[in-house]
Amino acid sequence: AQSVTQLDSQVPVFEEAPVELRCNYSSSVSVYLFWYVQYPNQGLQLLLKYLSGSTLVKGINGFEAEFNKSQTSFHLRKPSVHISDTAEYFCAVSEVNDKIIFGKGTRLHILP
Amino acid sequence: EPEVTQTPSHQVTQMGQEVILRCVPISNHLYFYWYRQILGQKVEFLVSFYNNEISEKSEIFDDQFSVERPDGSNFTLKIRSTKLEDSAMYFCASSGAGALNTGELFFGEGSRLTVL
């Protein structure tokens, strides 16, 4: 069965600084990988996804993630964060036409 | 853009009461899911539904929970006798199959359930 580990529960970062949110997964088969964002009191919005092909995936709001099969990682990055990026970020994994399993989430705090 | 819609957005109920949360998945989607998120915690899988039957359920999805697709458009989650610990945000999701399979689940905005 697949699982997801988000090592950091909270990440503080200054505005306009770069950020990396870490995600590692485990699975015995090929998987799809996702990052979802949840703004305060809102639902889940897909930031980006990796299905196949290029290991560098670009998403919305300037975010990107890199799939690293050997390290079973899918870290999320943004070169320069904005106050509006304050949110909870969830890494997730699924097999084809199967449920998505979410990590515990990383709360991104943007410091002025 | 097609979207998953959920009603109600917020429901307050007394412990022991029955609650039905409703979802309208994206048309032409064939896989349906319910997830829940207790305040401040991770999003947890409850159940998946395909071809008019449950395909998988988690340990959370006990006999108090049931799902139904009564009319080909709605997908409902029923909690027969609510407990305090059922207070959470419940998310519905759907995904396509075959040529409609984009690999992702499309989530609704959620229904917040508060059990008093």
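Structure values in brief
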read-out	value
Nearest-0.05 FRET efficiency for residue B:55 and residue A:10, computed from C-beta distance (R0 35 Å)	0.50
Farthest toward positive dipole pole in the range A:3-111 [+1 Lys/Arg, -1 Asp/Glu at C-beta], among A:74, A:42, A:17	A:74
Sequence of A:95, B:3 when ordered by accessible area, the most exposed leading, probe 1.4 angstrom	B:3, A:95
Sequence-separation-based contact order of chain B, relative, with Cα cut under 8 Å and 6+ spacing, percent	38 percent
Which of A:89, A:32 is most accessible, then next, and so on - probe 1.4 Å	A:32, A:89
All-pairs Cα distance distribution in the range B:5-96, expressed in whole percent, bin size 10 Å	16, 54, 28, 3
Percent carbon-and-sulfur accessible area, the protein assembly as shown, ignoring ligands, DNA and RNA, probe 1.4 Å	49 percent
Debye log10 I(q)/I(0) at q = 0.12, 0.19, 0.20 Å⁻¹ for chain A, Cα point scatterers	-0.37, -0.93, -1.03
Drop in accessible area of at least 20 Å² in the complex versus isolated chain, residues of the range B:35-73, 1.4 Å probe	B:35, B:37, B:42, B:43, B:45, B:56
Selection of trypsin sites (Lys or Arg not before Pro), the range A:58-109, meeting DSSP coil and at most 13 other Cβ within 10 Å	A:69
Per residue accessible area in Å² of the protein assembly as shown, where ligands, DNA and RNA are left out and the probe is 1.4 Å	49 Å²
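The values are calculated or read from the model by the stated rules, or taken from the named source; none is laboratory data. Remember, it's a predicted structure, so these values are computed and weren't measured experimentally. Using ideal geometry, Cβ is built from the backbone for each residue, glycine included, and neighbour counts are taken over all protein chains shown. Protein only, heavy atoms only, side chains kept; ligands, DNA and RNA dropped before computing areas. Shrake-Rupley method; radii C 1.70, N 1.55, O 1.52, S 1.80 Å.
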